[in-house]
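Colleague: Okay, handing you the structure first.
We did not get these values from a lab; they are worked out from the coordinates using the rules stated. All values derive from a computational prediction rather than experimental measurement. FYI the Cβ positions are ideal-geometry reconstructions off the backbone, even for glycines, and counts take in every protein chain you see.
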Amino acid sequence: MKKSFAVVLAMLTLFVSALAMADRLLPANGQLGELNSYQIGALTIDDVARVPAAAIRVYGTNNLLLMPQQVPQDVDIWYLTEATGKVWKIWVLTPAELKQQQALIEQKKSQQ
């Protein structure tokens, strides 16, 4: 019994590790921007003051949620807004993700 539990635990650990290292899938309807500042109740994207949603979520480069005091300033982000225009989700981008998103934006522009 102990041996089978250990095997299952090891397999689960490997599975979770593989998911953590996988590329993130960012939503196609997001927007690229630079997060200049963030604090509870206020944020600035591309030097424009924006209103955060009540349930705003900020994800770090490892795809884990960041607490307000952990959110870096002057970083490239991908973000979603609600229908009201409030910022709802933010993903802090790695340099590779930034290049990928810029390429996707250019591809969309060329198809129009």
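Colleague: If we count every other residue with Cβ under 13 angstrom of residue 94's Cβ, Lys/Arg +1 and Asp/Glu -1, where does the sum land?
Modeller: Local net charge: -1.
Colleague: In Å and whole numbers, how far do the C-alpha atoms of segment 28-111 stretch along each principal axis, longest first?
Modeller: 38, 28, 21
Colleague: Give me 48, 71 ranked fewest to most by other Cβ atoms within 10 Å of their Cβ, as a rough exposure proxy.
Modeller: Ordered by Cβ neighbours within 10 Å, fewest first: 48, 71.
Colleague: On to the next question. Which whole-number percent is the relative contact order of segment 28-111 (Cα, under 8 Å, 6+ apart)?
Modeller: Once divided by the residue count of segment 28-111, the mean separation gives 29 percent.
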